[in-house]
Amino acid sequence: MSSEKMEIDYAAYIGEYMERARKAQAIINTYTQEQVDRLCSVIAYEMTRPEMEAELATLALEETELGDYDSKVAKIEKKVKGMFMEIKHEKTVGIVEEIPERGMRRIKKPVGVIGSLIPSTQPEMIPITTAMCTVKSRNAVIMAPHPRGKKTTYQTVEKMRELLRKNGAPADILQCVDLVKVAVTNELMRQADLVIATGGAGMVKAAYSSGTPAYGVGAGNAIMAIDDTADFKDAAHKIMLSKTGDLAAGCSCDNALVIYENIYNEMIEALKAEGGYMCRPEEHDKIQKAIFPEWPANHDLNRDIVAKPIDVIARLADIEVPEGTKFIMVEETGSGADYPLSGEKLCMVLTVYKCKDIDGAIERVNANHAYSGAGHSCGIYSHNEDNIIKFALNTHTCRVNNNLPNSVVNTGDWNAGHPFSPSLGCGTWGGNIASENISLKHYMNDTWLATGISRAVPTDEELFGDTGVMR
């Protein structure tokens, strides 16, 4: 048989999934609000049973070797239940809003078949939250897993398909491709009605280039400023939590700190008390080489250091750290391509800067984000309201957190207001169309039904009289 005949017809391969998905979507499209609410409830409840969380966390850790077990269990528990809490009572079928003063009614409708790209860092949780939004919005979804997390993603989807079957719904509402190739993912994006891409920059760029409407996310590079009104002990503890959760596998983990120079030493001591190790000046280049081994030829992260324990990082960098070290700190003075440590690292290493004042903090955050992570998130530990507002007004990010652990709250938390979602839009700064967390509303189309209203046409005096422009 010729090599040409042995080649896979990727269009036909995805076409088979798409045919099944469209048949299933046509069925769920007829469901009532009560029916889709029931299915969404079943998925949220069954997938967060303790034994299920344990099974999925174990599977993900064994397959990807990224992160840690306790964080994965906690992530499934919080994110799935949190999302369900937020979407439980949302109307997604028929007329969902009436605006009588404008004679307008909003009708929600599904988009059809979604192509969802699943990253290796969260192959156990993102399929569940994606499924909940898909079912609630009466869509179907075909998921394309990352090669490193394909088994976890596939088995997670299979468990939810069985739940659909048991509850009388077509299992093909939820599917996962069993062939993991770039060509397969590209074809899925081409044939889908909507793409939701959570993952690396290359994946997101491909989604936006597919010709299909897409919601992508930008790169992370969370930078936290600490001014001289901060509670140093509280800030240090929250920075530790944000840096070490799931061994820094998430894009929202702290990557750099910008500390007022007049409180720098005190803040560093507070961070050391939380398990931080400050590198000596001669260890700077060792850390940098371990994380970016081919710099300056390229700025690619060393995959062997991503979401790994401290002892692995220390060994790769050939440095010694004290027993009990939870994260590593390394001082830096610049931003941009000549300073790779100013970018996203996805490991338990914090880059630390000094600044004189709030203007210096803002300048450093924006300089780092101009290189890596524009639009994603930043934060400030401060009790000075003027500084907090100035920081939020002048940094180029969609999420600014005040006195909060960044990676804990960005994707939703019981003690913060960001919507529960693993996909964080980064606005035009990050090359994204959305500047908010991707949530249920992004899975649906709106139809606006207009009826006539009676409005008086204003005179020029009524319209412009209070503007000061009339002569």
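The values are calculated or read from the model by the stated rules, or taken from the named source; none is laboratory data. Bear in mind that the values here come from a model prediction, so they are computed numbers and not experimental data. Cβ: placed from backbone, ideal geometry, glycine included. Neighbour counts: every protein chain shown. Please note that ligands, DNA and RNA were not included when accessible areas were found on the heavy atoms of the full protein model with its side chains. Shrake-Rupley method; radii C 1.70, N 1.55, O 1.52, S 1.80 Å.
Brief remarks follow.
- Leu404 being more than 21 Å from Ala434 (Cβ to Cβ), open to solvent by less than 30 Å² (accessible area, probe 1.4 Å), hydrophobic (A, V, I, L, M, F, W, C) and out of contact with any Cys (no Cβ under 6 Å at 6 or more places or on another chain): no
- Selected residue [among the aromatic types (Phe, Trp, Tyr) and touching a residue at least 60 places away in the same chain (Cβ under 8 Å)] from Tyr339, Tyr353: Tyr353
- Checking Glu62, Glu86, Glu98 one by one, the residue that is surrounded by fewer than 17 Cβ atoms within 10 Å (Cβ to Cβ), among the charged types (D, E, K, R), over 28 Å from Val182 (Cα atoms) and out of contact with any Gly (no Cβ under 9 Å at 6 or more places or on another chain) is Glu98 and no other.
- One residue from Met278, Met267, Met240 being touching a strand residue (DSSP E or B) at 6+ places or on another chain (Cβ under 7 Å) and under 16 Å from Cys347 (Cβ atoms): Met240
- Qualifying residue in the stretch 195-214 (condition: assigned to a helix (DSSP H, G or I), basic (Lys, Arg) and within 25 Å of Cys40 (Cα to Cα)): no
- Residue satisfying all of: in the stretch 65-75; assigned to a helix (DSSP H, G or I) and not small (Gly, Ala, Ser); surrounded by the fewest Cβ atoms within 10 Å (Cβ to Cβ) among these: Asp70
- A single entry from Ile99, Ile173 fulfils the requirement of being over 29 Å from Thr58 (Cα atoms), modelled with pLDDT of 95 or more and among the β-branched types (Val, Ile, Thr): Ile99.
- Residue match in the stretch 177-190 (condition: open to solvent by 10 Å² or more (accessible area, probe 1.4 Å) and either within 19 Å of Gly67 (Cα to Cα) or within 20 Å of the chain's Cα centre (by Cα) (or both)): yes
Quick grid of which residues meet (1) hydrophobic (A, V, I, L, M, F, W, C); (2) surrounded by fewer than 19 Cβ atoms within 10 Å (Cβ to Cβ); (3) at pLDDT below 95:
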residue: Glu51; (1), (2), (3): no, yes, no
residue: Ala54; (1), (2), (3): yes, yes, no
residue: Glu77; (1), (2), (3): no, yes, no
residue: Thr129; (1), (2), (3): no, no, no
residue: Val141; (1), (2), (3): yes, no, no
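- Answer residue from the stretch 361-387, given it is crowded, with 22+ Cβ neighbours inside 10 Å and of a type in the set (Ser, Thr, Tyr) and is nearest to Gly336 (Cα to Cα) among those: Ser372
- Only one of His418, His442, His383 that is not acidic (Asp, Glu) and not in a loop (DSSP other than H, G, I, E, B): His442
- Residue in the stretch 425-439 that is open to solvent by less than 40 Å² (accessible area, probe 1.4 Å) and outside any loop (DSSP other than H, G, I, E, B) present: yes
- Selection within the stretch 40-85: residues that are of a type in the set (Gly, Ala, Ser) and touching a residue at least 60 places away in the same chain (Cβ under 8 Å). The member of this set that is farthest from Leu163 (Cα to Cα) is Gly67.
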